[in-house]
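Right, one structure below, let's go through it.
The values are calculated or read from the model by the stated rules, or taken from the named source; none is laboratory data. Please read these numbers as outputs of a predicted model, since none were measured by experiment. Please note: Cβ atoms are built from the backbone with ideal geometry, for glycine as well, and neighbour counts cover all protein chains shown.
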Amino acid sequence: MFLADLDPSAGGRVFVNTASDQYTVTWCAVRGFESTRTITTQLTLLPDGTVEMQYQDAATSLNEAVVGVSPGRTGEFRSVDLSSQGPTAGGSGAVGERFAASPQLDTVALTKKFYASHPDNYDQLVIWTDVSLVQTAFAFEQTVANEVAGIGVAQFDASREFGSGGRLRSLVMMDWLGKYPDDPQRPFLGENNTVSVLGQETGHRWLAFMDFRHPDGSRSDLLLGRDQAHWSFFFDSDASVMEGNDIEDLGGGSFRTAAAVRRYSLLDQYAMGLVSDMEVPSFFYVENPTNLSVSRTRESAPQVGVTFNGTRRNVLIQDIIAIHGQRSPSAAQSARVHRQAFIYVSSAGRGPESGQVSKLDRVRREWEQFFLQATDGRMRAITTLR
C-alpha cells in the first residue's frame, strides 16, 4: 500500500481489474490531497498472498509516503529496504519503508535504540539534533502517556510502543542545537531564551489545556491561546513559560504586560502536582481587549510593554475543577523529581562535534537551575544519565 492522502476528484483516474488469478488496482496520475503532485502506481493481489506494488517514476512526483503492507490487527512494524532485490516477507507484523523529501527523524526507532543501552528511568526524553528537522514548529512535545486526571488531558499509555516499560511520559523535540544561542539565558525568540523554550516544551507534559466554568455556567476556553495548548496573551499567567503574560492592572480598565516566560505559575504548579488547589490564588484574564499599543490576539506570543483596555474577569481554581474535576493524583501524592535524558542525534556518517556537546552540557546544567527556580523550589529536573 501507499500511505498518503490522495484525491482522485482533483485529477487522474483509478482503474480496477478483477480476474480469477489476480486483483489489480491502478492509480493513474492521481493528485495528492491539496497538492498538484501526482502518483501513478499499481497494486496487485495474488492467490498465494503475494502483494505486488509497482510505481512509474516518470509520472510520479508525490514524494512523501509510507510504502508497505500490513496483515491487520497488529502493532508491530518492521522497517525494510524496498530497493533491495527480491520479495520482502511480511510475517505477522507490518513492514514498510518511509519516503520523504526532506530529512526526518523516526522517534520511535530512536527511543527504542536508546532503551537498548539505557535503563527505563526517565519521565521525559529531550532530543537535540545536528541538523534542522522540524518544519512546522520551532520545537515540540509529544505526550506518550498520561495518568493524571483533572488537567484537561486524556488518560492513556502508549509508552511501550516507544520501548519504555511504562515509565516514559513524554518526548521533547528541541531540533537543531545550532539554532540556539551559546548563552542559554540570552533572549532570541521573542521574549524566550533557550531554557524558557525548554520550560515550555517540558511543561506540555501537563500544560496548558484547562478550560473553566464561565459565570453563566458554560464551559469556556478563554484562558487558552495558540493551538489551545498555551495560555492566552490576555491571561495573567504570572509570566508563565507556557506563554501568556504577567499583566499589571492599572485600574479603570487599563492593563499592561509587565513580564513574560519566567516561571511556572501556581496554576501551572497545580497541574504539575506541586501545590494543592487551596494554594492557588484567584487569577484573571482580560475580556474584549481594545486599544492595543501593539496588535495582538489571544494566540500571539507574549510580549512585555503592551498596553490595552478591557474588562477584567476573575477566575477561581474551583471554576477549573468544576469542568475537569480534582487533579489526581493530588499534590501530596505526586513526584517532586522530573527525570529527563538529553539525547544528541548526529547525522549518518558524522560524529558529534565536541563544541556542540559542550554547548549542550551547558544548556543541561543551566536548565536544571532554571527549572528549580521556575517551580519555586518544589520540583527538581534531573538530567544526568546515572
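The table that follows gives values for the structure above.
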{"item": "Residue in the range 362-379 that is charged (D, E, K, R) and assigned to a strand (DSSP E or B) present", "result": "no"}
{"item": "Test: Ala149 is surrounded by fewer than 18 Cβ atoms within 10 Å (Cβ to Cβ), closer than 22 Å to Met210 by Cα and in contact (Cβ under 8 Å) with a residue 40 or more places away in the chain", "result": "yes"}
{"item": "Filtered residues of the range 282-318 (kept if more than 29 Å from the chain's Cα centre (by Cα), among the hydroxyl-bearing types (Ser, Thr, Tyr) and not in a loop (DSSP other than H, G, I, E, B))", "result": "Thr290, Thr307, Thr311"}
{"item": "Options Arg364, Arg350; residue that is more than 25 Å from Arg219 (Cα to Cα), crowded, with 17+ Cβ neighbours inside 10 Å and out of contact with any Leu (no Cβ under 8 Å at 6 or more places or on another chain)", "result": "Arg364"}
{"item": "Residue check for Ser237: within 16 Å of Glu191 (Cα to Cα) and in contact with a Gly (Cβ under 7 Å, 6 or more places away or on another chain)", "result": "yes"}
{"item": "Which listed residue is closer than 29 Å to Glu147 by Cα, aromatic (Phe, Trp, Tyr) and touching a residue at least 24 places away in the same chain (Cβ under 8 Å), from Phe284, Phe234, Phe255", "result": "Phe284"}
{"item": "Condition check for Arg160: in the same structural domain as Ala335 (by TED's automatic domain parsing) and either polar (S, T, N, Q) or in contact with a Lys or Arg (Cβ under 7 Å, 6 or more places away or on another chain) (or both)", "result": "no"}
{"item": "Members of the range 57-78 that are surrounded by 13 or more Cβ atoms within 10 Å (Cβ to Cβ) and farther than 25 Å from Ser20 by Cα", "result": "Ala59, Thr60, Ser61, Leu62, Asn63, Glu64, Ala65, Val66, Val67, Phe77, Arg78"}
{"item": "Criterion violated by Ile321 - all others in (1) in a strand (DSSP E or B); (2) surrounded by 14 or more Cβ atoms within 10 Å (Cβ to Cβ) satisfied", "result": "(1)"}
{"item": "Residue, farthest from Gly91 (Cα to Cα), within the range 29-66, restricted to residues that are modelled with pLDDT under 85 and among the small types (Gly, Ala, Ser)", "result": "Ser35"}
{"item": "Residues satisfying the stated conditions in the range 258-281, i.e. within 15 Å of Gly305 (Cβ to Cβ), free of Cβ contacts under 8 Å to residues at least 60 places away in the same chain and under 26 Å from the mean Cα position of the chain (by Cα)", "result": "Ala259"}
{"item": "Candidate set: the range 213-248, residues that are in contact with a helix residue (DSSP H, G or I) (Cβ under 8 Å, 6 or more places away or on another chain) and crowded, with 24+ Cβ neighbours inside 10 Å; chosen: the one farthest from Asn288 (Cα to Cα)", "result": "Val241"}
{"item": "Residue list for the range 7-35, restricted to those being out of contact with any Gly (no Cβ under 6 Å at 6 or more places or on another chain) and within 19 Å of Val66 (Cα to Cα)", "result": "Asp7, Pro8, Val25, Thr26, Trp27, Gly32, Phe33, Glu34, Ser35"}
{"item": "Residue in the range 106-146 that is farthest from Val337 (Cα to Cα), counting only those that are part of a loop (DSSP other than H, G, I, E, B) and of a type in the set (Phe, Trp, Tyr)", "result": "Phe138"}
{"item": "Residues of the range 227-236 classified as farther than 19 Å from Ile323 by Cα and in contact with a strand residue (DSSP E or B) (Cβ under 7 Å, 6 or more places away or on another chain), total", "result": "3"}
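Yes/no matrix, rows are residues, columns are (1) closer than 25 Å to Phe370 by Cα; (2) crowded, with 19+ Cβ neighbours inside 10 Å:
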residue: Leu250; (1), (2): no, no
residue: Arg256; (1), (2): no, no
residue: Leu267; (1), (2): yes, yes
residue: Val275; (1), (2): yes, yes
residue: Val286; (1), (2): no, yes
residue: Val294; (1), (2): no, no
residue: Val306; (1), (2): no, yes
residue: Thr311; (1), (2): no, no
residue: Leu316; (1), (2): no, no
